[in-house]
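Rule-based calculations on the coordinates, nothing more; no lab input. The model shown is predicted, which means the values in this text are computed figures rather than measured ones.
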């Protein structure tokens, strides 16, 4: 499915502040007539390791599907930071 969109980028930090996308053309095979998505981003500070990440703060989706118009808004907060550590060990398998 083709999408068109635009992004707002901060001039001082070069971070993406907002992104919007729209459906280029309806998708009649799944009865999707229109779709619009807008995602706003912002800095999220984590206490662990004094980490700052630029993550989604809110997202809105509008779509017209199967004769219904739907609007959804999501807010994102209370992020949790975790890491995964992996150590690889290589060895020659025993011969039989």
Need the full-extension length gain, residue 3 to residue 50, defined as separation in residues times 0.36 nm minus the C-alpha distance. One decimal, nm. 13.2 nm
Among 22, 77, 12: highest mean-square fluctuation, GNM of the chain, C-alpha pairs under 10 Å: 12
Of (1) 33, 19, 8; (2) 29, 15, 10; (3) 37, 25, 14, which one was derived for semi-axes √(5λ) of the Cα gyration tensor in Å from the structure shown? (3)
